[in-house]
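Take a look at the structure below.
The values are calculated or read from the model by the stated rules, or taken from the named source; none is laboratory data. All figures in this text were calculated on a predicted structure; none of them were measured in a lab. Don't worry about glycine lacking a Cβ; one is built from the backbone with ideal geometry, like all the others, and counts go over all protein chains shown.
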């Protein structure tokens, strides 16, 4: 049963225009109900309230936006950690286009102390799942080290039988179901900010340039003689004569002040040896089995250990050296980043091979410092000369020994894949199924005659595919495209962040790519008619309304065309809000019921559920009500559909003149009285294609079988004159 609106048939165009303007004003006024959040950094006082004694927050650093943390328990140890806001260091745009902000604290070894949510704008966490799952997710960072590779499990259920899998080089965080892309962006934000601080203040190397650090091969344990180790690079050596050192000071106050050196220019000034002990082959050869076992047993913190010895006049430590401390004469660096080289309080005895040594010590570097033992490092010796007795003038010169043990002693792990690649790998099965479905749909739309000429066959195929769209694409793999992706892209581009965040959601990106291609070939209806989960849900509700024999409302085509401008007005308001008042725009995006009905499956507070249900009920009385008159994403699709290059829905000259069969059966009012297809309004249900080719349903073909011709003047015998 259909209910016509005779008043609407004569509705003045001015009234329709007024209705559209009123809708726009209403949307803008609604935006004013949601005040914008104040942006800006936390103050020192804000930070101090979060840390209790013995920790104290110091003044914000000038070279990097971070606050040092000191401890009453270690008053002379310097900063024991750093606290910082992620948005200052890694403003990664989120799904909605706005970066999230976290307060992150790390200790001096690179371990996360805490991660606190300050601000976020992810649609799924704003009103869908709420912030609780996000807050629970970030609690997992505490105690983990930023040197590890962080992996994200698809959802927490994978690890409920026990703790997340954690190895020495990688750790796994439980993800959040229905928010896979968002939590990957969270991870990139937190890690990116922490690594920036660690590189600047903790001396961590930038692994993005060289990949993960090499690992010692414990299976290679073949000690060789000292001379052989010198030849093959297992032991590094720096030998300087007095003459070579004198050349360093030419033209300075330190020139010609070393009388002994001037008297014996070819004598040895210093002869330094270095060997990396963590590799068993080198460690056992240098220390011997007993000392090697003792040194490794004392290395509780798994530090990188080197034996460094020296002969000659100038030892590697001066008279002020304190065991367990650092030598003022030695420094170590890799890739320009200095490492804290500290004595381990262990003096090896009976080193066989080198000349008599004046110093033989073990030095170590924290394992968390980011050193790669398989790559070259620089051991720098500082040589100091003094001129004058009272307030002497000191001149410093440095010489550097480059040292890298043979590569065969290490395992070089493959470079970790980018986070977005891991996301694609984890979704390979879903992507394969979706790709197969898109191929099937493409074949059906490219060759629509076979699938549509049989009305029953088309009904089975269409309802089956729509069920797949709703259940699999929508509710299972979370592939509901949204206006949020459009406004988010605008925000990201406006802020200069690019569109890389889309890579973290492979399902949506595949659908976006397919939809963009479909614009050129078929127009807007490919997505709206076949791939939109909420649209599929509306279609099933409409069919249920027919089964229940609910009255179907009818609005005259001229009025419906004007009401269709409502979705363009909604689009304009949402785009304008995203660009100019983004905070209000987030609230206005709730005009779409997709998050409520599809993303969280109606698991929201009652006002959102009531709104979504009301739209579905409206669709039961007026077919695809939301899609046709309100949907801002539908407006985007209609605009994109203007790229269409083919009129692929064929028409006859008789269509509309006089035949109105297809127009009468089109549930979307997408066929003009004159017979032309309105592609901007077409949902590509293929009903008209089936009628066009079916001799049992197309009046033109029916009359043709009887030898008659359908003309604007009526039915005539084929071949007869006017």
Just checking, how many residues over the stretch 381-413 are assigned to a strand (DSSP E or B) and within 40 Å of the chain's Cα centre (by Cα)? 4
Out of the helices (runs of 4 or more DSSP H) lying entirely within the stretch 42-142, which hold 1 or more residues that are within 30 Å of residue 581 (Cα to Cα), modelled with pLDDT of 90 or more and in contact with a helix residue (DSSP H, G or I) (Cβ under 8 Å, 6 or more places away or on another chain)? 86-89, 132-138
Determine whether the stretch 30-40 contains at least one residue that is within 29 Å of the chain's Cα centre (by Cα), at pLDDT 90 or above and in a loop (DSSP other than H, G, I, E, B). no
Could you identify the single residue in 364, 374 that is in a loop (DSSP other than H, G, I, E, B), in the same structural domain as residue 275 (by TED's automatic domain parsing) and surrounded by 15 or more Cβ atoms within 10 Å (Cβ to Cβ)? 374
What's the number of the only condition in (1) at pLDDT 90 or above; (2) closer than 24 Å to residue 416 by Cα that residue 147 fails to meet? (1)
Does residue 512 satisfy being in a helix (DSSP H, G or I), crowded, with 24+ Cβ neighbours inside 10 Å, over 14 Å from the mean Cα position of the chain (by Cα) and touching a residue at least 12 places away in the same chain (Cβ under 8 Å)? no
Hey, among 477, 541, which residue is in contact with a helix residue (DSSP H, G or I) (Cβ under 6 Å, 6 or more places away or on another chain) and over 24 Å from residue 625 (Cβ atoms)? 477
Hits in the stretch 673-703 (condition: under 16 Å from residue 525 (Cβ atoms) and outside any helix (DSSP H, G or I)): 676, 677, 678, 679, 680, 681, 682, 683, 684, 685, 686
Any residue in the stretch 606-621 that is farther than 30 Å from residue 179 by Cα and touching a residue at least 24 places away in the same chain (Cβ under 8 Å)? yes
Elements of type helices (runs of 4 or more DSSP H) contained in the stretch 214-316, each with 3 or more residues being touching a strand residue (DSSP E or B) at 6+ places or on another chain (Cβ under 6 Å) and assigned by TED's automatic domain parsing to the domain that holds residue 332: 242-248
